[in-house]
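Notes follow once the structure below has been shown.
We did not get these values from a lab; they are worked out from the coordinates using the rules stated. Since this is a predicted model, take the numbers as computed values, not measurements. Here Cβ is always computed from backbone atoms with ideal geometry, including for glycine, and neighbour counts include all displayed protein chains.
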Number of protein chains: 2
Amino acid sequence: MTIRYPNGKLYKPSSEIQKVSKPIKKVKDLSYSNRGKTLEDEINETNHFYLISQMAVIHKKPVPIQIVKVEYPKRSAAVIKEAYFRTASTTDYNGVWNGYYIDFEAKETESKTSFPLKNVHPHQIKHMEDVQKQRGIAFLIVRFSRLDRYFILPFSILLQAWDNMESGGIKSIPLKVFESSSLEIKPGYNPRIDYLPALEKIITNKYL
Amino acid sequence: MTIRYPNGKLYKPSSEIQKVSKPIKKVKDLSYSNRGKTLEDEINETNHFYLISQMAVIHKKPVPIQIVKVEYPKRSAAVIKEAYFRTASTTDYNGVWNGYYIDFEAKETESKTSFPLKNVHPHQIKHMEDVQKQRGIAFLIVRFSRLDRYFILPFSILLQAWDNMESGGIKSIPLKVFESSSLEIKPGYNPRIDYLPALEKIITNKYL
């Protein structure tokens, strides 16, 4: 479909629009296999592939900013001169796939043996719990960076581990739990982290 | 459910987290009926009511910002010293309700007779079209500020008007079309703009 502005001017989606702001540079893993990309880069690329292939519409939410001071120079764009990072009240990614509401957070760990739960914020647990009650599909994408292994962890498994921690249990999820109770994704070329097939399995097996 | 940080500290959702940044103050309508609130305020309140009532999980996305310069003062939070507003690639609101993916944009007009299509951006049309293809529910919430009337305009009706404009037709949607082809919402106290019942009608009547 050709889309035009009301004045008749042809609309061209700019690559600028697709870009996601990355205010805080993450430490990059320079191993060959992921060519120095962060998990965020990999997921953004995957989502872009899904979007242009009309397979799913999933976007990363912008980083929430509290703006304090804005200046309006003559003949140029407004400049934000003072602002602060705020804590997001939700997860980073959401969207729609095949009628399903999708909601997830992407997390990396340097550990080779377990995923520390300190990587997850309590408000994210609360949010994913709310999503699940509305029959959305909530999960984590976890990358064990040093192992170059990727897992889709259904929210139900995360919540079990979280509740266990709250009752005085361990503060991490062992790699073995990932191997037994989550879905591993082998990274590919395009899409890089092809997570939609894993979601089908989650739905079919009623993991949620 | 009680939620705790991994260190055992009790998590209390702060009201700060619920707040949505409003970098650009909209002109406020000071009539009695909406007590000076912008449509954005009204919808945020409504979504907050839906969230705490466990009726739906719908959030406004943060405004996308391109960050250029950040300073890290000693013993205090990082300060953004130069940043610019960017164009969003999607609509402002999305979430999940009763298994459905919900996606919408809120628009106000001062006109008493029609809604000018220049209020809608081509990339928003494209985004809502993508959402519809994935069986999400896309729509506009339109407020005719001077009439104090609110409408839920299904994306299908918006797209008809857009296509008509592209073919040389009128560049606005007359109020009469809203009266005949959209769902009017009478503003209330809490929730202020109770749009979920309208969505049930849209789904039942296959407006989409």
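Structure above, values below:
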{"read-out": "Residue selected from region B:106-138 under the condition over 28 Å from A:ASN47 (Cβ atoms) and assigned to a strand (DSSP E or B), by the criterion nearest to the other protein chains (Cβ to nearest Cβ)", "value": "B:PRO116"}
{"read-out": "Index of the failed condition, B:TYR101 passing every other in (1) among the hydroxyl-bearing types (Ser, Thr, Tyr); (2) facing chain A (nearest Cβ under 7 Å); (3) surrounded by fewer than 19 Cβ atoms within 10 Å (Cβ to Cβ)", "value": "(3)"}
{"read-out": "Lone unmet requirement of (1) surrounded by 16 or more Cβ atoms within 10 Å (Cβ to Cβ); (2) more than 8 Å from every other protein chain (Cβ to nearest Cβ) for B:TYR72", "value": "(1)"}
{"read-out": "Unmet requirement for A:GLY95, which otherwise passes all of (1) within 7 Å of chain B (Cβ to nearest Cβ); (2) in contact (Cβ under 8 Å) with a residue 40 or more places away in the chain; (3) outside any loop (DSSP other than H, G, I, E, B)", "value": "(1)"}
{"read-out": "Complete set of residues in region A:54-69 that are touching a Lys or Arg at 6+ places or on another chain (Cβ under 6 Å) and either more than 9 Å from every other protein chain (Cβ to nearest Cβ) or closer than 17 Å to B:THR87 by Cα (or both)", "value": "A:LYS61, A:PRO64, A:LYS69"}
{"read-out": "Qualifying residue in region A:36-46 (condition: under 13 Å from the mean Cα position of the chain (by Cα) and in a loop (DSSP other than H, G, I, E, B))", "value": "yes"}
{"read-out": "Residues that are buried (at least 21 other Cβ atoms within 10 Å of the Cβ), without any contact (Cβ under 8 Å) to a residue 40 or more places away in the chain and under 24 Å from A:PRO174 (Cα atoms), drawn from region A:105-138", "value": "A:GLU105, A:GLN124, A:ILE125, A:HIS127, A:MET128"}
{"read-out": "Count of residues meeting criterion [closer than 18 Å to B:THR113 by Cα and buried (at least 17 other Cβ atoms within 10 Å of the Cβ)] in region B:182-208", "value": "3"}
{"read-out": "Condition met for A:VAL79 (over 23 Å from A:LYS37 (Cα atoms), facing chain B (nearest Cβ under 7 Å) and touching a strand residue (DSSP E or B) at 6+ places or on another chain (Cβ under 8 Å))", "value": "yes"}
{"read-out": "Elements of type strands (runs of 3 or more DSSP E) contained in region B:139-208, each with 2 or more residues being without any contact (Cβ under 8 Å) to a residue 60 or more places away in the chain and touching a Ser or Thr at 6+ places or on another chain (Cβ under 8 Å)", "value": "B:149-154"}
{"read-out": "Search result, residues across region A:82-92 that are outside any strand (DSSP E or B), within 7 Å of chain B (Cβ to nearest Cβ) and of a type in the set (Gly, Ala, Ser)", "value": "A:SER89"}
